[in-house]
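To keep things clear, I will list the structure first and then write my remarks on it.
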Amino acid sequence: MSGYFRTRYERDFALVDTRTQKVWLAIFGIVLLALPLLAGPFLLDLANQVLLVSIGAIALMLLTGYAGQISLGHAGLLAAGAFTTGILAKEFGAPFWVTLPASAVVGAAIGLLFGLPSLRLRGLYLAVSTLALHFIVIHAGQEYETRRGLSSGVVVDPPSLAGWSLQDPRAWYFVLLAGSVATVLFSLNLLRSKTGRAWRAIHGREAVAEALGINVHWAKLSAFVVSCTITSIAGCLFAYYRGFVSAEAFSLFLTIQYVATVIIGGIGSILGALLGTVFVVLFPYAIEALMNALGLADRMASMIFAVNYAAFGLAMILFLVAEPQGLVGIWRRVQAWFLLWPFKQKPVGK
Amino acid sequence: MTGPLLKLEKLEVVYHRVITAVQGISLEVPQGSVVVLLGNNGAGKTTTLRAISGFIGLDDARVTEGTITYRDERMENQPPHKVTARGITLVPERSKVFENLTVAENIEAVVPRPGADARKLSGAVWDYFPALARLRAREAGYLSGGERQMLAIGSALACAPELLLVDELSQGLAPLIVEELLHRLQVIRKDLGMTLLLVEQNAAVALDVADYAYVLENGRIVLDGTPEKLRQHQDIKEFYLGTGSGTRKSYRDVKQYRRSRRWYG
């Protein structure tokens with residue numbers, strides 16, 4: 001049986017707690033670094049997609065899962081970052097080192113603006129106000145495309161980092177991995193800080209947070225600004241990775257996918273955001289593979305999108321009903337089972 | 001500072017611009033004392049506390065008349081976090097902990113008064129409430145009522161208040177736990193040199209710890225005095241301590257004029 005005790009209060013807040021965790025983390029790190037050497041082009045593209053989506057998903061997790069503020073404007077924010085990058089690169093030939101901070105600044109400004117309604121609105125009403133963000137940004141993007149006669153979208157040349165052009169999927173893998181890991185570390189540490197605790201406190205009880213000296217307005221606005229900035233940066237990377245920006249790529253369905261990522265992964269957990277990302281990115285491919293295996297792919301080729309949407313919706317409902325804690329809940333149960341083995345016991349709390 | 005730590009003068013609070021909950025209350029809380037507000041449901045006790053701590057703004061209520069003076073400075077209609085930063089912390093009546101955070105995170109989440117030693121304070125919380133220290137890693141949503149009350153008081157202490165406002169400490173708790181908590185509060189108050197303003201329905205318990213008490217009815221103070229004086233008062237015995245004529249009665253059963261005559265006259 002595994003028994004271990006914390007000997008100092010500070011240990012409660014350590015990111016990596018036990019030696020076992022350190023070992024597993026190291027193994028996982030090595031696998032991540034070795035993956036591009038072993039994986040084929042298809043697998044590598046999947047991995048890149050997961051890494052790219054994970055950045056946006058973590059950003060939404062910070063806002064919704066931790067600070068408790070609903071946002072349906074996430075696709076719009078990705079679009080804002082992508083269009084900022086596209087327009088700067090196209091019109092001014094701006095390099096990566098200009099477009100990335102510019103996207104971040106645009107994201108922060110939008111976050112500040114669309115965080116303001118959250119000071120007055122909650123729940124569904126807030127969701128509707130953030131939906132406005134989505135339509136405004138998409139409309140602005142479409143307007144730019146038509147004015148400039150770019151009906152098929154803005155083409156973005158691959159970025160060059162220190163005189164080294166990013167075209168190879170392997171090189172992209174490492175850039176996106178670095179981005180994703182940086183986002184995870186930034187978020188985890190932010191959540192252990194005063195700001196992060198203030199976010200979780202207002203999620204728990206706004207009135208009590210006020211009573212204990214937390215500036216609720218500031219906490220909400222900072223959550224919006226941080227989340228929107230990260231999302232916009234993800235949009236910038238998206239633009240470079242895809243090589244073009246088009247308003248059509250940022251539909252409302254994309255927003256719903258991000259929300260689904262957070263719900264399926266498990267609200268209030270960075271690990272949940274990562275697990276949810278893997279699930280949501282791989283899900284359509286799994287459905288396709290299933291249809292191929294069943295020999296339905298040819299007959300239902302015209303309906304593949306509809307089937308995908310339906311299956312996706314079904315998966316979301318099933319998760320909400322059967323596993324409200326999401327994938328991370330399953331993960332914790334499995335973890336507890338191994339920790340308590342050979343004793344049969346249900347986990348309490350975390 | 002020349003006057004008392006906190007002074008209310010002719011305070012009037014109006015909800016939704018139409019309902020007057022507190023009608024001209026005046027009271028004083030001297031530094032280092034324990035002052036208790038007694039009264040039945042709807043008397044205006046909680047509203048008074050929320051007016052001091054700035055919470056009424058969240059319920060669409062305002063201080064429309066009168067003054068709240070803290071350390072010789074006026075502070076009506078301030079937002080709660082600013083009031084907390086000045087040294088007044090409220091332990092609310094119900095829902096008072098962050099259920100999604102662990103006990104340790106609950107204590108770490110507070111923003112202490114500027115200039116206070118946050119490390120020392122959160123350390124003191126574990127000393128005063130060893131039971132909480134054992135539950136540090138537990139999510140607060142899993143705590144019992146008594147543990148939640150301890151945690152709420154602990155979080156409030158971590159704010160480094162000079163004046164602690166406690167709303168209905170005894171609500172929903174076993175009498176033994178209430179006594180234990182009140183005793184603990186007394187110790188903490190003496191150690192840290194705090195001032196306490198308590199709101200209670202349970203008059204017997206409250207009068208045990210109080211230096212001075214005010215009785216509220218229908219948004220007005222109808223009686224005030226030291227616990228010794230109040231305990232001897234016929235109405236307090238009858239309506240609040242239940243030790244008067246034997247049968248339990250509410251002051252609401254008695255015609256208004258009779259009581260007014262007895263109290264004011």
**Fill in**
Contact list, first residue from the stretch A:169-180 and β-branched (Val, Ile, Thr), second anywhere and not in a helix (DSSP H, G or I), beta-carbon distance below 7 Å, six or more apart or interchain, is A:Val175/A:Leu166
**Asked** Taking into account only those residues within the stretch A:192-209 that are surrounded by fewer than 21 Cβ atoms within 10 Å (Cβ to Cβ) and in a helix (DSSP H, G or I), which is farthest from the other protein chains (Cβ to nearest Cβ)?
**Response** A:Thr195
**Prompt:** So how many residues does the stretch A:210-231 have that are within 13 Å of another protein chain (Cβ to nearest Cβ), part of a helix (DSSP H, G or I) and modelled with pLDDT of 90 or more?
**Reply:** 5
**Message:** I'd like to verify a number: residues in the stretch B:123-140 that are within 13 Å of B:Leu101 (Cβ to Cβ) and in contact (Cβ under 8 Å) with a residue 40 or more places away in the chain, how many?
**Reply:** 2
**Asked** What residue, among those in the stretch A:5-24 that are closer than 30 Å to B:Trp126 by Cβ and of a type in the set (A, V, I, L, M), is nearest to the other protein chains (Cβ to nearest Cβ)?
**Response** A:Ala14
**Filter result (modelled with pLDDT under 90, over 24 Å from A:Phe279 (Cβ atoms) and not acidic (Asp, Glu)) within the stretch A:54-91** = A:Lys90
**Request:** Filter the stretch B:195-208 down to residues that are under 22 Å from B:Glu147 (Cα atoms) and modelled with pLDDT of 90 or more, then give me how many there are.
**Result:** 4
**Message:** Quick test for you: out of A:Asp17, A:Asp45, pick the one residue that is at pLDDT below 95 and exposed (fewer than 15 other Cβ atoms within 10 Å of the Cβ).
**Reply:** A:Asp17
**Message:** Residue pairs, Cβ under 9 Å, 6 or more apart or interchain, first in the stretch B:44-71 and within 14 Å of chain A (Cβ to nearest Cβ) and among the aromatic types (Phe, Trp, Tyr), second buried (at least 23 other Cβ atoms within 10 Å of the Cβ) and in a strand (DSSP E or B). List them.
**Reply:** B:Phe55/B:Leu90
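Conditions (1) within 24 Å of A:Gly179 (Cβ to Cβ); (2) in a loop (DSSP other than H, G, I, E, B); (3) in contact (Cβ under 8 Å) with a residue 40 or more places away in the chain, marked per residue:
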position: A:Ala273; (1), (2), (3): yes, no, yes
position: A:Tyr285; (1), (2), (3): yes, no, yes
position: A:Met291; (1), (2), (3): no, no, no
position: A:Ala297; (1), (2), (3): no, yes, no
position: A:Tyr309; (1), (2), (3): no, no, yes
position: A:Phe319; (1), (2), (3): no, no, yes
position: A:Trp331; (1), (2), (3): yes, no, yes
**Message:** I'd like to verify a number: residues in the stretch A:126-166 that are of a type in the set (Phe, Trp, Tyr) and surrounded by 13 or more Cβ atoms within 10 Å (Cβ to Cβ), how many?
**Reply:** 1
**Hits in the stretch A:197-216 (condition: of a type outside the set (A, V, I, L, M, F, W, C) and within 24 Å of the chain's Cα centre (by Cα))** = A:Arg197, A:Arg200, A:His203, A:Gly204
**Request:** Would you check if B:Leu165 is crowded, with 22+ Cβ neighbours inside 10 Å and modelled with pLDDT under 90?
**Result:** no
**Request:** Can you give me the number of residues within the stretch B:103-120 that are more than 7 Å from chain A (Cβ to nearest Cβ) and within 15 Å of A:Glu10 (Cα to Cα)?
**Result:** 6
**Item:** Whichever residue in the stretch B:72-96 is assigned to a loop (DSSP other than H, G, I, E, B) and facing chain A (nearest Cβ under 9 Å) and, among such residues, is farthest from A:Gly268 (Cα to Cα)
**Value:** B:Pro79
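The values are calculated or read from the model by the stated rules, or taken from the named source; none is laboratory data. Only a predicted model underlies this, so the values are computations on that prediction, with no experimental measurement involved. Ideal geometry is used to build each Cβ from the backbone, glycine not excepted, and the neighbour counts take in all protein chains shown.
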